[in-house]
Amino acid sequence: MSTQDAALPKAPHVAGPAPHLLIVRAPYYREVVDGLTAGAYRILGEAGATAETLDVAGAYELPQAIRIAMRGNRRFDGFVALGCIVKGETDHYDFICKATMDGIMTVALQFGIALGTGLLTCDTIEQAEARSGQDGHNKGAEAAVAALLQIGAARHLGAV
């Protein structure tokens, strides 16, 4: 299924108090990540959730920053990881994509957190732009929906 074929993301209802999330961003491709962020904030706003944003150096630092935030004294109901990696001429792309996604999943599973992932891994910047625009087909919005659904599931199951 292509991005254009997917249903537009819609904010889910989350029972209980308004969720508060941390959006961790790797804004190496600033315009793309700003678009992802706008999509995430749109969904969170529609859901009545609040959020803070934290920028990190690059995609590789996304899981590290989420883990650091969990060690802090501030409470977040969930997290959204946003970034973009565009394939270059070397194997660096493959290593960073795998390490970042493995790190994100490890943190989520090990600590049982609600996490939506909007890390674009694209061959071209044009592909990234198509997935971060304001037309509604926005992977940042999808990541926010995923995080909210996970928060709802955790609350429903009594995990928080």
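No value in this document is a laboratory result; all are computed from the given coordinates. Note that this is a predicted model, so its numbers are computed, not measured. Reconstructed Cβ throughout: ideal geometry from the backbone, glycine too, with neighbour counts over all protein chains shown.
Which FRET efficiency value, to the nearest 0.05, do you get for TYR28 and LEU157 by plugging their Cβ-Cβ distance into 1/(1 + (r/R0)^6) with R0 = 25 Å?
It comes to 0.10.
Cut-off under 19 Å on the C-alpha distance; same-chain residues fewer than 8 positions from LYS87 excluded. Which aspartates and glutamates are left, in chain and number order?
Partners within reach: GLU31, GLU61, ASP102, ASP123, GLU126, GLU129.
Could you pull out the GluC sites (Glu not before Pro) across the stretch 52-124 that fall in loop regions by DSSP (anything but H, G, I, E, B) with no more than 14 other Cβ atoms inside 10 Å? Working shown, then result.
Working: sites: GLU52, GLU61, GLU89; in loops: GLU89.
Taking the stretch 52-124 and a limit of 14 other Cβ atoms within 10 Å, the loop GluC sites (Glu not before Pro) found are GLU89.
Given a cut-off of under 8 Å on Cα pairs at least six residues apart, what relative contact order in percent is computed for the stretch 1-82?
Relative contact order comes out at 44 percent.
What percent do you get for the relative contact order of the chain when only Cα pairs under 8 Å and 6+ apart count? Mind dumping the intermediate values first?
Numbers: 298 pairs, mean separation 53.4, N = 160.
Reported as a whole number, the value is 33 percent.
Restrict the search to the stretch 22-81; then list the trypsin sites (Lys or Arg not before Pro) that DSSP places in a loop and that have at most 12 other Cβ atoms within 10 Å of their Cβ.
On the way: sites: ARG25, ARG30, ARG42, ARG67, ARG71, ARG74, ARG75; in loops: ARG74, ARG75.
Answer by residue number: ARG74, ARG75.
Evaluate the Debye formula for the stretch 20-156 with equal point scatterers sitting on the alpha carbons, no solvent, and hand back log10 of I(q)/I(0) at q = 0.10, 0.12, 0.21 Å⁻¹, in q order, two decimals.
-0.29, -0.42, -1.26
Can you tally the net charge around ALA11? Count Lys and Arg as +1, Asp and Glu as -1, for every other residue whose Cβ sits under 14 Å from the Cβ of ALA11.
0
Counting only residues 5 or more places away or on other chains, whose amide H sits under 5 Å from the amide H of ILE23 once H atoms are built in the peptide plane?
GLU52, THR53, LEU54, VAL80
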